[in-house]
Amino acid sequence: MKIRLLLLITIFLVNNLSAQEKLKIGDKAPFINIEHYLQNKPKDTSLKNKYILLEFWATWCTSCLKEVPKINSLTQKYSKRKDVIFISITDEEPVKTKSTLEKVPFKSIVVSDETSVTLKNYITDADGSYAIPKTILIDNKGIIRWVGTTMKLNPELFEKFLANKQIEKSDETFFDIPAPTFTK
């Protein structure tokens, strides 16, 4: 009986540890692999020395599509700043995203990475699962500054990010819309 209980506790702990977020605040951001620019391709495609809001989304993720207006609002607000970019990335084929992009107006730079390298490097857990939508803020030195969802992102938090100030959990605004977990 004790051995079974110990075994169950061990399995529970291993599963919880493997399901924790890959990236930690302060980590160097992994490479962002962009295979296709699907919408709003910038003249300057370099990510060097830029503040990046990286948003993971998919056509089948209704929560992701609900976050588009908030990203659009931020994109519009900071459109004059050349050092701030908003990237919405999917691992779906361009042909698959076409009808969604015709229906849902994105103002961010919409890209795809069919290799899923970026998805794996940023948000896929050891068991192959991941949760989207997922938003990651990367500073102009390539350091992860915040990981969450756009629904928790507010103007004060984003301003702190752009000012290179420490972002606290208490800076988040939470709207009671949980991000679903999907397994590929």
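The slack in the chain from E93 to Q76, taken as 0.36 nm per residue of separation less the alpha-carbon distance, amounts to 3.5 nm.
A Cβ-based charge dipole, computed about the Cα centre of region 24-183 with Lys and Arg at +1 and Asp and Glu at -1, lands at about 660 debye.
How much length is gained if the chain between E172 and K24 is pulled fully straight, taking 0.36 nm per residue apart and subtracting their Cα-Cα distance, in nm to one decimal?
Working: separation 148, 0.36 × 148 = 53.28 nm, distance 1.65 nm.
Full-extension gain reported as 51.6 nm.
For the pair L101 and D44 in one chain, pulling the backbone fully straight at 0.36 nm per residue adds 18.3 nm over the alpha carbon distance. For K103, the aspartates and glutamates whose Cα comes closer than 15 Å to its Cα, not counting residues fewer than 8 places off in the same chain, are E67.
Taking a point 7 Å from the Cα of H36 along the Cα-to-Cβ direction, the residues of region 116-133 with backbone N closer than 17 Å to it are 116-119. Extents of region 24-183, taken as max minus min of Cα coordinates on every principal axis and listed largest first, are 40, 37, 27 Å.
Pairs to check: K98/K141; K28/K96; K107/K169; K28/K152; K24/K96. Give those whose C-alpha atoms are more than 29 Å from each other in this structure. Mind showing how you got there, number by number?
Numbers: K98/K141 33 Å; K28/K96 31 Å; K107/K169 27 Å; K28/K152 22 Å; K24/K96 32 Å.
Too far apart for the 29 Å limit: K98/K141; K28/K96; K24/K96.
Throughout, read-outs are computed from the coordinates displayed, never taken from laboratory work. Because the structure is a prediction, the values reported are computed rather than measured. Reconstructed Cβ throughout: ideal geometry from the backbone, glycine too, with neighbour counts over all protein chains shown.
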